[in-house]
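Single-structure report; data block below.
The values are calculated or read from the model by the stated rules, or taken from the named source; none is laboratory data. A quick note: this is a predicted structure, and the numbers were derived from the prediction, not measured. Don't worry about glycine lacking a Cβ; one is built from the backbone with ideal geometry, like all the others, and counts go over all protein chains shown.
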Number of protein chains: 2
Amino acid sequence: MTNKPFHYQNLVHDEWVDYNGHMNDAAYAKAFSQAVDAFIDDIGLDEETRKSWGYTIFTLESHICYLQEAHRGQELRLDIQLLDEDAKRLHVFFTMKNTEGDLLATSEQMLMGINSEQGRPAPFPDPVAAAIRQLREAQQQLSIPKQAGRRIGIKR
Amino acid sequence: MTNKPFHYQNLVHDEWVDYNGHMNDAAYAKAFSQAVDAFIDDIGLDEETRKSWGYTIFTLESHICYLQEAHRGQELRLDIQLLDEDAKRLHVFFTMKNTEGDLLATSEQMLMGINSEQGRPAPFPDPVAAAIRQLREAQQQLSIPKQAGRRIGIKR
């Protein structure tokens, strides 16, 4: 993990726009998934390391809130906040913002460390655990985002 | 809406498989999104009708539980359950199963009917509202799936 705070930049690709003329709901999921890939790189799980250690990350669960439409060619900035973790799991929260800093969407996710030879959950390798601790310490002042921990439902 | 129960079939496309050798998390979102498109067709909102009525459906929120891995070429069957609705919103739940009927994933979603000229929420057109009532009546005996209404979090 570098000393710079992690963030990930992308833009709304042509093929991400659907018949409604805006970024398709599944394309938001794609952008958040790519941000997870960049994040696990950042905590020491790049392609080479995943192969040599036989260790990877699976997504167990994800929750997206769609707050504003995004349009073709628009720049996107994704940031991560670590909400919780244990020896094998990361509970993370991503924001997606436009260049003005408006919140377009959020994605809350549960990620699981996996021994890829056994296909079973396994504790984070030491350097990864150290990077996670470093992120937690850097973020301990952050408050819980209001979209975190949501249940979907019509309120009456 | 036809009299046959709605379901949607797909398969794990080559480009849906990621470096972990299984269907990528964002591809599950894509499959569920395509099932929503097929579903709104089924309740009377196909492309022609959306254009002539100036009415469409947006996704407000979605929650995926990843329960089993899916692999290249595997057949997928997606079914919908209507959990709740009001004049403008549908609270829906999709299951994704393999050909043996094993549950691979679920997607809970909140969908909103939109007047596409104003870009604002608007009540379902009458024929769509009638199709939704018909679906509710057909499904009134179904129990609430255990993945519905989940909050993401590490339980301790």
Of all residues in the stretch A:110-131 being within 13 Å of another protein chain (Cβ to nearest Cβ) and out of contact with any helix residue (DSSP H, G or I) (no Cβ under 8 Å at 6 or more places or on another chain), the one that is surrounded by the most Cβ atoms within 10 Å (Cβ to Cβ): A:MET110
Identify, by number, the condition in (1) surrounded by fewer than 22 Cβ atoms within 10 Å (Cβ to Cβ); (2) within 12 Å of another protein chain (Cβ to nearest Cβ) that A:ASP79 doesn't meet. (2)
Can you tell me which residue within the stretch B:17-34, out of those that are in contact with a helix residue (DSSP H, G or I) (Cβ under 7 Å, 6 or more places away or on another chain) and more than 8 Å from chain A (Cβ to nearest Cβ), is surrounded by the fewest Cβ atoms within 10 Å (Cβ to Cβ)? B:ALA27
Subset of the stretch A:1-50, residues assigned to a helix (DSSP H, G or I), of a type in the set (Ser, Thr, Tyr) and farther than 24 Å from B:GLU61 by Cβ, comes to A:THR49
Spot the failing condition for B:GLU117; the list is (1) of a type in the set (Asp, Glu); (2) in a helix (DSSP H, G or I); (3) closer than 18 Å to B:THR49 by Cα, and only one is missed. (2)
Kindly indicate which of A:SER107, A:SER62 is in a strand (DSSP E or B), at the interface with chain B (Cβ under 9 Å from one of its Cβ atoms) and within 12 Å of the chain's Cα centre (by Cα). A:SER62
All conditions in (1) part of a loop (DSSP other than H, G, I, E, B); (2) surrounded by 16 or more Cβ atoms within 10 Å (Cβ to Cβ); (3) without any contact (Cβ under 8 Å) to a residue 12 or more places away in the chain are true of A:ALA70 except (3)
The stretch B:82-105 - residue that is of a type in the set (Val, Ile, Thr) and touching a residue at least 40 places away in the same chain (Cβ under 8 Å) and, of those, surrounded by the most Cβ atoms within 10 Å (Cβ to Cβ): B:VAL92
So how many residues does the stretch A:138-154 have that are of a type outside the set (A, V, I, L, M, F, W, C), modelled with pLDDT of 95 or more and farther than 20 Å from B:GLY153 by Cβ? 0
What residue, among those in the stretch A:132-147 that are aliphatic (A, V, I, L, M) and surrounded by 14 or more Cβ atoms within 10 Å (Cβ to Cβ), is farthest from A:GLU108 (Cα to Cα)? A:ALA138
Hits in the stretch A:130-156 - residues which are of a type outside the set (D, E, K, R) and under 14 Å from A:GLU85 (Cα atoms): A:ALA130, A:ALA131, A:ILE132, A:GLN134, A:LEU135, A:GLN139, A:GLN140
